[in-house]
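*Asks:* This structure is in structure tokens; I'll ask about it shortly.
The values are calculated or read from the model by the stated rules, or taken from the named source; none is laboratory data. Just so it is clear, the model here is predicted, and its values are computed rather than measured. All Cβ positions, glycine included, derive from the backbone under ideal geometry; neighbour counts span all protein chains shown. Quick note on the areas: whole protein, heavy atoms, side chains included, nothing else; ligands and nucleic acids left out. Shrake-Rupley method; radii C 1.70, N 1.55, O 1.52, S 1.80 Å.
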Amino acid sequence: MKKGLSFLIPVLLCTALGILAFRGNLDPLIQRLGSNALREQNEQYLNDTFEKALVGFGVMSGLKAGLAVIEGSTGGVSAGISLHLQVGDIVQSAYDYVDIAWRTLLAGCISLLCMQYLLQAAALVDAYVLGVCLILLGILWGLRECRQSCTGFHQVLRDASMLSIFAVLVVYLLLPVSIWSASRLSEHITRGTILSAQQGFADTSARLFPEREDPSESLLVRVRQIPERIEFIATQLKQRSSQMALWTIQLIAGYLFDCILFPLGMFVLLLHGTRSLMRYCYHCGIQSSLRREIRHLQPTTP
């Protein structure tokens, strides 16, 4: 009687916990263990980074549009002697830098949004994954006594249980921890560089294409200012060409690490460690099962 009760209690407990997980009753307990704080930190990091990248993307879009209008145009300027300045040749390299930085910010925004969607998807299915895992563990425990009569099904169920445990670790631990680790690495390594590069492009855009302070200015005055404005833009682009190249490289490297290498690298590292640990536990379980089966097959002495 005691043996049957001790055998039945884990089965009933796992089944009950699985049902509670399906209904969401285990969520408050799991949140108290730290998952809620980790999720909030990740959401805050992704939202802040996405907003900054979106602001930078808007600045780069305005700068790119302004350079595209000027590119290929020709303006006559006077600097002591008569010159004929090909503005398109001057802004071509600057436009290329801006275009690359614009594409980088666009890819960064997409990557950050995809990570937000991935965390939201994990939050939607985590309770169901945990419920399936607990129920499979309960069924697996219940089949321990009859494993000799259903060895094949027991093996399939054990593999499914290991897969469900791995899925639970992925949605509850690996994904959140990898993004959290990426946020910490970004804070100490790349964030300052990215902000500096974006600020440099923002200052350049504000200097080259400032908002008009006097909207009542006549059209004739604006037309007369066009050659001078083009000369000023060309001069500024000459002076900032090397800086814009540096800012572009910093943006590419920063968002490459922030959006791809840091989160993906941490996820792969944690994934490899988890798989190695589970593989070790799985082989230990198989060896233990083989030893028990060998003992059952040994003839008993009279």
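*Asks:* I want the local charge near Val171. Using Cβ-Cβ distances under 15 Å, sum +1 for each Lys or Arg and -1 for each Asp or Glu among the other residues. Before the final figure, lay out each step's value.
*Replies:* On the way: positive: Arg39; negative: Asp27, Asp126.
Its environment carries a net charge of -1.
*Asks:* At a Förster radius of 22 Å, what calculated FRET efficiency corresponds to the Cβ-Cβ distance of His188 and Ala37, to the nearest 0.05? Intermediate values should be presented prior to the final figure.
*Replies:* Details: r = 20 Å, r/R0 = 0.92.
Once rounded, the FRET efficiency stands at 0.65.
*Asks:* Residues of the stretch 227-251 with the amide nitrogen closer than 16 Å to a label point 7 Å from the Cα of Ile260, along Cα-to-Cβ, please.
*Replies:* 249-251
*Asks:* If you count, for each residue, the other Cβ atoms within 10 Å and average over each peptide, how do 24-37, 109-122 line up from highest to lowest?
*Replies:* Values: 24-37: 12.9, 109-122: 15.8.
Put in order of decreasing packing, that is 109-122, 24-37.
*Asks:* Given a Förster distance of 35 Å, report the FRET efficiency between Asn25 and Arg279 from their Cβ-Cβ distance, rounded to the nearest 0.05.
*Replies:* Values: r = 33 Å, r/R0 = 0.93.
Working from the Cβ atoms, E equals 0.60.
*Asks:* If you rank Phe201, Phe267, Phe22 by how much accessible surface each has, with a 1.4 Å probe, what is the order from largest down? Walk me through the numbers on the way to the answer.
*Replies:* Details: Phe201 0, Phe267 45, Phe22 75 Å².
Heavy-atom accessible area, descending, gives Phe22, Phe267, Phe201.
*Asks:* Moving on to the next point. FRET efficiency for Leu106 and Gln199, Cβ-Cβ distance as r, R0 = 22 Å, nearest 0.05? Write out the running numbers ahead of the final one.
*Replies:* On the way: r = 19 Å, r/R0 = 0.85.
Once rounded, the FRET efficiency stands at 0.70.
*Asks:* Working out 0.36 nm times the residue gap between Glu211 and Gln243, then minus their Cα-Cα distance, what length gain in nm do you get to one decimal? Intermediate results must be reported in sequence, preceding the final value.
*Replies:* Values: separation 32, 0.36 × 32 = 11.52 nm, distance 2.31 nm.
Fully extending the segment from Glu211 to Gln243 adds 9.2 nm.
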